[in-house]
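Below is one structure, written out as structure tokens; the observations come after it.
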Amino acid sequence: MTGKHKPATVAVHAGRKPFEHFGAVNPPVYHVSTILYPDVETMEQRGTKPFEGMTYGRFGTPTSFALEEAVCALEGGHRSIAVPSGLAALTLVLESFLKHGDHVLVSDSIYQPTRRYCDGHLKQNGVETAYYDPLIGSGIADLIRPNTKLVFVEAPGSLTFEIQDIPAIAEAAHKKGVLVAMDNTWATPLFFKPFEKGVDLSVQAATKYIVGHADAMMGLVTCANSDLWQTVKAHAAAHGLGVGAEEAYLALRGLRTLPLRLERHQETAILLATWLKRRPEVLRVLHPALQDDPGHKLWRRDFTGSCGLFAFVLKDAGKPQVDAFLNGLELFGLGYSWGGFESLAIPADPGIKRTVTTWNPGGPTIRLHAGLEDADDLIADLDQALGRI
């Protein structure tokens, strides 16, 4: 694909080579472990380039290569690497660039499993994690030490939805030779172009919107240049992080309809968020696409859209009221995920952890994912559930 095509076109065509697969529109599912060579010379040549082409199933197959090519085309990076889950992608980036004695800066609004990995595995291996205020912007320069190797951002936070000034953070980090990695799962490659904003490594929990059907686990890391890709790919290979053929196929299938699905998720979420703002039981709504959201100006500057994930804060409510609301929902499932066709709800407060900032919104926080159901039906479901509190 060339740069002249728009994202919806890229999502349909990137990674597809029908006439390399007997005209098949979709890349077939390749179940592969062993690769045979026609002669010793070819085997020896391939052995010097273990990450190029077909060498062993764990390093990739035509199915996973097609997925990586398509995602990379959407994100605008150098190359992508598929791994078995979103968390595997997050930890792979941290593992690839941090060693004993290093220091990493991580957003205080980071995804809880990422925080757990930093406070557990990284700490045990002599890597110090320092958390920063997600609203710090260029002020992050004051936190960078001589041994700081990486800044890890997530925008917006997947529970509290702060928008970070990614270009300012990247500029400050790069001036001191520090890499910037970003969890870009919320916006997807369609609504945020990480490499245009200074990010070096973009991480996708493709389990969410790219797969889109709540039936496969997948993670992706896209790198800005060849050196970064070689480093991450080598670490993925060393840890045996190959992906299953069926999962790669399902992620690629989901990617083809991502633009259409994401538009619907976005539209429905904004309708729900606007409706919730008018409810007397609701203290505030956390959605950066709303004009009165604190992060709206940055979102409007850097993002081209929003997804189906947002949150709201209940007024004058305790756990019994929260439980009554959640238990009363009929169309919103109670589940710890998002990005699929189904609507979901969770009590967000148990997952909100802070180290250097305080999260005190004035009431209990509930996170919603707006699925592909009819918006009027979802509003009616919220209405009857709110009536229970």
Top-ranked residue of segment 353-362 - restricted to ones that are in contact with a strand residue (DSSP E or B) (Cβ under 7 Å, 6 or more places away or on another chain) and surrounded by fewer than 17 Cβ atoms within 10 Å (Cβ to Cβ), ranked as nearest to THR207 (Cα to Cα): THR355
Can you find a residue in segment 372-382 that is part of a loop (DSSP other than H, G, I, E, B) and either among the basic types (Lys, Arg) or buried (at least 18 other Cβ atoms within 10 Å of the Cβ) (or both)? no
Of the conditions (1) loosely packed, with under 15 Cβ neighbours inside 10 Å; (2) under 17 Å from the mean Cα position of the chain (by Cα), MET218 clears all except one; give me its number. (1)
Only one of (1) modelled with pLDDT of 95 or more; (2) polar (S, T, N, Q); (3) farther than 30 Å from THR9 by Cβ is not met by SER85, so which one is it? (3)
For segment 317-340, indicate whether the set of residues that are surrounded by 16 or more Cβ atoms within 10 Å (Cβ to Cβ) and of a type in the set (D, E, K, R) is non-empty. no
Restricting the search to segment 49-81, which residues are under 19 Å from PRO28 (Cβ atoms), in contact with a Ser or Thr (Cβ under 9 Å, 6 or more places away or on another chain) and at pLDDT 90 or above? LEU67, GLU68, GLU69, ALA70, VAL71
The helices (runs of 4 or more DSSP H) lying entirely within segment 145-247 that contain at least 2 residues which are modelled with pLDDT under 95 are 226-238
Condition met for VAL322 (more than 30 Å from VAL106 (Cα to Cα) and among the β-branched types (Val, Ile, Thr)): yes
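The values are calculated or read from the model by the stated rules, or taken from the named source; none is laboratory data. Keep in mind it's a predicted model, so treat the numbers as computed, not measured. Virtual Cβ from ideal backbone geometry, glycine too; neighbours counted across all protein chains shown.
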